[in-house]
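Report on the following structure.
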Amino acid sequence: MAPTDLTDRASKSKSQYRFTITSAVVKKGRPTVLKYSWTYDPKRSYEDDRFAVAVYNLATKEQTFLDYHVYTHDHGKGNTGTWTVDISSLKDKLGKYLLLFVLIDFDDYVVVAAKGKPFHVRKGDF
């Protein structure tokens with residue numbers, strides 16, 4: 001896959017913002033959720049400890065925000081965290097996705113702080 005402007009920006013920004021997505025797994029159920037984990041540098045300023053969660057469809061190049069306010073200190077200890085987000089909105093948008101952490105201290109949500117490895121959303125997940 002040739003890097004797009006968005007995915008290229010995400011890979012370059014990972015070290016700058018001190019976030020690393022360590023896992024992203026689709027969990028079937030009601031609702032179907034994406035369980036994800038991360039590590040971060042807890043010595044960063046308070047502004048860097050919150051982010052929005054988005055997914056990026058690799059085929060359609062569509063970005064969908066799933067959670068606008070995740071706080072690292074609310075969902076983990078030390079420098080790791082785990083949380084889930086409902087992905088029911090992707091039921092009719094099956095495909096291969098990237099998980100993105102987007103900084104929320106900017107009005108336009110364009111600063112991608114980290115990206116995960118690709119994962120699939122399949123019909124059988126719902």
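The values are calculated or read from the model by the stated rules, or taken from the named source; none is laboratory data. Nothing here was measured: the structure is a model prediction, and the numbers come from that model. No Cβ is skipped: glycine too gets one built from the backbone with ideal geometry, and neighbour counts run over all protein chains shown.
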Practice task
Starting from the range 54-66, take each residue that is of a type in the set (D, E, K, R) and list its partners that are at pLDDT below 95, counting only C-beta distances under 7 angstrom and pairs at least six apart or across chains.
Solution key: Lys61/Thr4
Problem - Residue in the range 100-118 that is under 17 Å from Leu34 (Cα atoms) and more than 13 Å from the chain's Cα centre (by Cα) present - result: no
